[in-house]
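Single-structure report; data block below.
The values are calculated or read from the model by the stated rules, or taken from the named source; none is laboratory data. All figures in this text were calculated on a predicted structure; none of them were measured in a lab. For neighbour counting, all protein chains shown are included, and Cβ atoms are generated from backbone atoms with ideal geometry for every residue, glycine included.
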Amino acid sequence: MITILAGGTGSIKLVRGLAALTKDIIVISNVGDNIWLHGLYICPDVDTIVYGLAGLLDEKRGWGVKDDSFECLAQLEKLGAPTWFSLGDKDLATHLARTAMMNKGKSLSEVTEWMRRRYAISARIIPATDNEVATKIITDKGKMHLQEFWVKYKGNLAVTGVQYDGAKSAKANRKAIEAIRKSDMVIVAPANPVSSIGPIVALTELRKELAKNRDKVVAVSPLIGDVAVSGPAVKYMKALGLASSPVGVAEYYRDFVGSFVIAASDHKLTPKIQGLGMQVYETNITMKNKQDEIRLGQYLMDRAIDN
């Protein structure tokens with residue numbers, strides 16, 4: 001059994017590659033991106049995993065539903081409502097159904113499981129917590145939700161810090177803890193370490209469980225050299241005083257990750273990462289197409305067998 005910690009647009013590629021190789025996969029999804037808008041509870045990272053595994057994902061944007069229309073958004077704009085967060089009409093159906101179910105007492109986990117079954121997805125998808133956790137970015141314009149920073153302001157503000165509001169009091173999902181405990185391998189996807197993985201490991205019990213099982217936890221670097229594969233990872237890392245390189249990511253993960261996969265071109269960094277007490281593997285970590293996703297997924301599964 002393989003469990004993967006996932007969040008952001010970078011994760012779905014590896015999740016999809018693993019899902020093509022085995023049905024025995026569990027995805028622990030970030031919830032720090034979740035936000036209330038227009039009275040609806042929107043869960044971008046959970047939905048990206050669902051849409052990606054169901055074959056519905058808008059591949060060009062990396063989120064939302066493919067071939068969607070935006071008539072509702074256009075009407076909201078005419079009414080003077082804020083429309084900085086682009087919600088397609090098909091995508092809205094997800095948020096309407098989720099919010100209605102949660103208003104009737106269903107947990108986020110229960111709603112996500114319902115969605116998984118409706119779309120006939122074999123991989124299990126578990127929100128890291130059923131409590132609300134919000135990633136907040138400290139900028140020169142003040143503290144704001146991650147979605148505001150990244151979508152409304154297009155990530156163009158200076159960042160001085162990152163906080164995970166609600167994480168200290170939130171309870172880690174019990175099924176997520178059990179998955180980590182029982183899995184043969186736990187993978188940290190090549191996602192933004194601060195905004196996509198950070199909110200997950202900010203959950204005290206979950207991080208402790210990862211640390212207990214450190215020897216079977218392997219992370220894939222989201223950076224090649226000093227460049228993020230996608231997203232604003234470097235900007236967040238600098239704000240936290242981390243080196244903008246795979247070494248900086250490894251330092252951020254060092255207490256709960258036992259093995260680290262880097263690009264072969266970053267071979268010179270291997271000794272520094274090994275110095276953090278991690279095994280290092282070097283391979284091609286870019287995923288430009290479905291074949292690349294499966295190739296990297298198979299590489300990781302082979303490491304599980306080797307261990």
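Can you say whether MET185 is within 18 Å of the chain's Cα centre (by Cα) and surrounded by fewer than 22 Cβ atoms within 10 Å (Cβ to Cβ), as far as the supplied structure shows? Against the criterion (within 18 Å of the chain's Cα centre (by Cα) and surrounded by fewer than 22 Cβ atoms within 10 Å (Cβ to Cβ)), MET185 qualifies.
When LEU57 is tested against (1) under 29 Å from MET301 (Cβ atoms); (2) modelled with pLDDT under 95, just one condition goes unmet, and that condition is (2). The residue list ALA179, ALA191, ALA128 contains one member that is at pLDDT below 95, under 18 Å from the mean Cα position of the chain (by Cα), buried (at least 21 other Cβ atoms within 10 Å of the Cβ) and not polar (S, T, N, Q), which is ALA191. Which pairs do you get when a residue that is closer than 20 Å to GLY8 by Cα, found in region 199-218, comes within reach of a residue that is modelled with pLDDT of 95 or more and among the basic types (Lys, Arg), reach meaning Cβ atoms under 7 angstrom, with the pair 6+ apart or on two chains? What qualifies is VAL201/ARG207. Whether a residue is touching a residue at least 12 places away in the same chain (Cβ under 8 Å), touching a Phe, Trp or Tyr at 6+ places or on another chain (Cβ under 9 Å) and within 29 Å of ALA239 (Cβ to Cβ) was assessed, and LEU108 passes this test.
To keep it simple, each residue is scored yes or no on (1) farther than 28 Å from THR160 by Cα; (2) β-branched (Val, Ile, Thr); (3) surrounded by 13 or more Cβ atoms within 10 Å (Cβ to Cβ).
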{"residue": "HIS38", "(1), (2), (3)": "yes, no, yes"}
{"residue": "ALA74", "(1), (2), (3)": "yes, no, no"}
{"residue": "GLY88", "(1), (2), (3)": "yes, no, yes"}
{"residue": "TRP114", "(1), (2), (3)": "yes, no, yes"}
{"residue": "THR135", "(1), (2), (3)": "no, yes, yes"}
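Selection within region 267-278: residues that are surrounded by fewer than 20 Cβ atoms within 10 Å (Cβ to Cβ) and in contact with a helix residue (DSSP H, G or I) (Cβ under 7 Å, 6 or more places away or on another chain). The member of this set that is nearest to LYS143 (Cα to Cα) is LEU276. Being modelled with pLDDT of 95 or more, within 21 Å of SER221 (Cβ to Cβ) and either buried (at least 17 other Cβ atoms within 10 Å of the Cβ) or among the polar types (S, T, N, Q) (or both) is a property that ILE49 has.
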